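> To start, I am sharing the structure in question, which I have written as structure tokens.
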Amino acid sequence: MLNNPLRRKLSHPNRLISTLEIKPKDVVVDFGCGPGFFLIPLAGVAAKVIGIDVSTRMLDRASSYAKKNSVSVDLLQSDGTDIKLQDGSVDLILLVHVFHEVEDEQGLLREFLRILRPSGRLAIVEKTRPSRVLPASLGPPIVEEKRVVEEVQRAGLTSDRTIPYGKDSIIISRK
């Protein structure tokens, strides 16, 4: 399950969030937010948090989770081809184990470029190393870090840095 107490205990979302250097005035998009595992903790550190997911069922769950935790978040249904946000309105876009599921990566990245502020950042988290504990069939597939960096650069973003994060990598790019 995407949002459960065991997952929060094993990999607390604040651990990842603390690496992203979010400022209190930032507008943050959690793209592929699912039921809100990262979305709700993000609301505690950013001025505005927007959860985007293709699934209305996941957005309903995220809404319930936000209400349960008494936080305010905006939720949008989109597959990323037409995100209903103004040009240059977002400081950070976060994707956690989502990029490998996107069919039109360049189209998505172009849309991200449109909504990012001139100094905006994109943080893509993907599994880049096998787990020593879980079988390969569990969890997201392994994605080549180099391929993600190449796609981001091809779209016109500048690759800033990559942070090893357990079996994952956090690939941070700037507009």
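Please treat every number below as a calculation from the coordinates, not as lab data. What you see is a predicted model; the values in this text were computed from it and never measured. As a convention, Cβ positions derive from the backbone with ideal geometry for all residues, glycine included, and neighbour counts pool all protein chains shown.
> Can you sort THR128, THR162, THR81 by how many other beta carbons sit within 10 Å, fewest first? Walk me through the numbers on the way to the answer.
Values: THR128 21, THR162 17, THR81 11.
Sorted ascending by nearby Cβ count, the order is THR81, THR162, THR128.
> Restricting attention to the alpha-carbon atoms of the chain, what are Rg (one decimal) and Dmax (integer), both in Å?
Radius of gyration, then largest Cα-Cα span, for the chain: 15.1, 43 Å.
> Enumerate the amide H contacts of VAL96 below 5 Å, restricted to partners 5 or more residues apart or on another chain; note that Pro and chain-start residues carry no placed amide H.
Excluding prolines and chain starts, which carry no amide H, the hits are VAL125.
> Further, regarding this structure: Grab the other residues whose beta carbon is less than 10 angstrom from that of VAL98, score K and R as +1, D and E as -1, and report the net. The partial results should precede the final answer.
Numbers: positive: none; negative: ASP30, ASP53, GLU101, GLU126.
Neighbourhood net charge equals -4.
> What's the magnitude of the charge dipole for the range 5-174 around its Cα centre, counting Lys and Arg as +1 and Asp and Glu as -1 at the beta-carbon? Answer in Debye, nearest 20.
Numbers: 25 positive and 22 negative charges, 166 e Å.
Its charge dipole is roughly 800 debye.
> Hey, got a sec? Which trypsin sites (Lys or Arg not before Pro) in the range 27-97 land in a DSSP loop and have at most 12 other Cβ atoms within 10 Å? Walk me through the intermediate numbers first.
Numbers: sites: LYS48, ARG57, ARG61, LYS67, LYS68, LYS84; in loops: LYS84.
Within the range 27-97, the qualifying trypsin sites (Lys or Arg not before Pro) (loop, at most 12 other Cβ atoms within 10 Å) are LYS84.
> Report, in listed order, any pair from LYS67/LYS127; LYS25/LYS68; LYS25/LYS175 with a Cα-Cα distance greater than 20 Å.
Listed pairs above 20 Å: LYS67/LYS127; LYS25/LYS68.
> Based on alpha-carbon atoms only, what is the radius of gyration of the range 15-64 relative to the globular estimate 2.2 N^0.38 Å?
Working: Rg = 10.7 Å, N = 50, 2.2 N^0.38 = 9.7 Å.
Against the compact-globule rule of thumb, the ratio is 1.10.
> Continuing with this model, one more query. Amide H to amide H under 5 Å from GLY120: which residues, 5+ apart in sequence or cross-chain, H placed 1.01 Å off N in plane?
Amide H neighbours of GLY120: LYS175.
> Could you tell me the relative contact order of the range 5-174? Use alpha-carbon pairs under 8 Å, at least six residues apart, and round to a whole percent. If you can, show how the numbers build up before the last one.
Working: 310 pairs, mean separation 28.9, N = 170.
Across the range 5-174, relative contact order equals 17 percent.
> Between GLN86 and ALA47, what is the FRET efficiency for a Förster distance of 25 Å, r being their Cβ-Cβ separation, to the nearest 0.05? Before the final figure, lay out the partial values.
On the way: r = 15 Å, r/R0 = 0.61.
My answer for the efficiency is 0.95.
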